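Data block below; observations after.
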Amino acid sequence: MMRGSQLTRRTFLQMSAAMAAGTAAPGLLARGAADKEKPGWKMRLSTSSIHYAKLPIEQACKRIAALGFEAIDIWSAHAGCPHLDDVLGRLGPDGLRKLLQENHLKLYAFSVYKGGYRKYAELLGKAGGGVAIRGSAGAAKPAELTARMKAFIESLKPDLELAEKHNSYLAIENHGGALLGSVDSFKAFVEINTHPRLGIAMAPYHLQGRNANVEDVIAIAGKQLLFFYAWQRAKGVGQLPGHGPTDFTPWLAALAKSGYAWYVNPFMHHEPEPDVMSAALAKSRDYLKACYARA
């Protein structure tokens with residue numbers, strides 16, 4: 001043994017046994033080191049500010065942080081959500097960073113369905129960078145799918161140049177009746193897209209509307225999956241994990257298998273009043289943690 005090395009009694013006995021059996025002790029230590037270098041997939045949780053659209057962004061952040069979420073997805077003016085435009089016009093990037101730091105939240109995403117990415121690109125970059133989420137285009141006939149998808153991805157070049165400049169990513173959400181919507185359209189997107197800052201925001205709610213297998217689509221998206229809505233097809237708070245009928249355990253297992261590197265984002269539309277929303281999200285948080293333990 002080299003001078004200064006420290007071995008526990010257990011390790012010493014393991015090495016002795018290994019040498020007695022004719023097995024080299026370095027192999028034992030190497031296996032132990034390798035085990036430490038193979039952590040399992042870790043689920044990280046975020047949620048969206050639009051769940052508190054009736055509250056100022058400061059109160060939305062405070063509630064999301066109090067629920068134990070690690071990061072936030074801030075929405076532009078879809079359904080009248082004021083948050084992102086308020087940040088742009090009043091807080092600016094420095095104010096947003098300060099607000100998030102005070103609440104121990106990380107910036108995950110800007111949802112820019114209304115207003116578009118270009119309006120908020122500089123703000124996102126100066127606030128630390130993240131994922132900008134938008135929709136695709138009108139649906140294509142099967143015979144036109146590949147050509148339409150190529151044209152769509154080509155049209156994103158100016159936005160992707162901005163994403164590179166502002167240390168951000170562009171994620172395209174699937175939707176019913178949209179270009180990115182069917183299982184075949186996911187395959188076409190993944191095959192055509194080669195840009196490291198372009199990927200997918202997956203909404204299982206819309207996939208379930210097409211009777212698509214969510215786990216299969218997660219596998220198709222692979223490393224191009226940048227955002228995952230933990231969102232099921234149901235009414236009201238039933239859209240949230242743990243409230244509606246869907247078992248989210250297979251979805252989380254599929255995310256783990258694919259090596260998904262971003263956040264799991266419980267989500268719903270048409271949010272109830274804030275206190276009911278907080279209670280519903282708390283249940284979803286606990287439910288997802290239980291599914292994660294099983295997955």
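The values are calculated or read from the model by the stated rules, or taken from the named source; none is laboratory data. Nothing here was measured: the structure is a model prediction, and the numbers come from that model. Every residue, glycine as well, gets a Cβ built from its backbone with ideal geometry; the counts of neighbours run over all protein chains shown. What goes into the accessible areas is simple: the full protein's heavy atoms, side chains included, and nothing from ligands, DNA or RNA. Shrake-Rupley method; radii C 1.70, N 1.55, O 1.52, S 1.80 Å.
Scanning segment 214-237 for residues that are of a type in the set (A, V, I, L, M, F, W, C) and more than 24 Å from Arg134 (Cβ to Cβ), which turns out least open to solvent (accessible area, probe 1.4 Å)?
Top of the filtered list is Ala234.
Here is a list of conditions, (1) out of contact with any strand residue (DSSP E or B) (no Cβ under 6 Å at 6 or more places or on another chain); (2) of a type outside the set (Gly, Ala, Ser); (3) under 25 Å from Lys62 (Cα atoms), and Leu252 meets all of them except one; can you say which number that is?
(3)
Got a number for residues in segment 64-73 being open to solvent by less than 10 Å² (accessible area, probe 1.4 Å), of a type outside the set (Val, Ile, Thr) and in a helix (DSSP H, G or I)?
Number of matching residues: 0.
For segment 38-63, which residues satisfy the criterion of being under 22 Å from Lys289 (Cβ atoms), part of a helix (DSSP H, G or I) and open to solvent by 10 Å² or more (accessible area, probe 1.4 Å)?
Lys62, Arg63
What's the number of the only condition in (1) of a type in the set (Lys, Arg); (2) farther than 21 Å from Trp262 by Cβ; (3) open to solvent by less than 70 Å² (accessible area, probe 1.4 Å) that Arg134 fails to meet?
Result: Arg134 passes all but (2).
In segment 220-234, what residues are over 15 Å from the mean Cα position of the chain (by Cα) and assigned to a helix (DSSP H, G or I)?
Across segment 220-234, the qualifying residue is only Ile220.
Residues being touching a residue at least 40 places away in the same chain (Cβ under 8 Å) and either touching a Pro at 6+ places or on another chain (Cβ under 7 Å) or part of a loop (DSSP other than H, G, I, E, B) (or both): count how many of those fall in segment 252-269.
8
Suppose we keep only residues that are assigned to a loop (DSSP other than H, G, I, E, B) and in contact (Cβ under 8 Å) with a residue 40 or more places away in the chain within segment 271-295. Which one would you say is surrounded by the fewest Cβ atoms within 10 Å (Cβ to Cβ)?
Restricting to residues being assigned to a loop (DSSP other than H, G, I, E, B) and in contact (Cβ under 8 Å) with a residue 40 or more places away in the chain, the top hit is Glu273.
Exactly one condition in (1) among the polar types (S, T, N, Q); (2) under 18 Å from the mean Cα position of the chain (by Cα); (3) surrounded by fewer than 17 Cβ atoms within 10 Å (Cβ to Cβ) is not met by Asn211; state its number.
Answer for Asn211: the failing condition is (2).
For Leu240, indicate whether it is more than 15 Å from the chain's Cα centre (by Cα), open to solvent by less than 30 Å² (accessible area, probe 1.4 Å) and among the hydrophobic types (A, V, I, L, M, F, W, C).
yes
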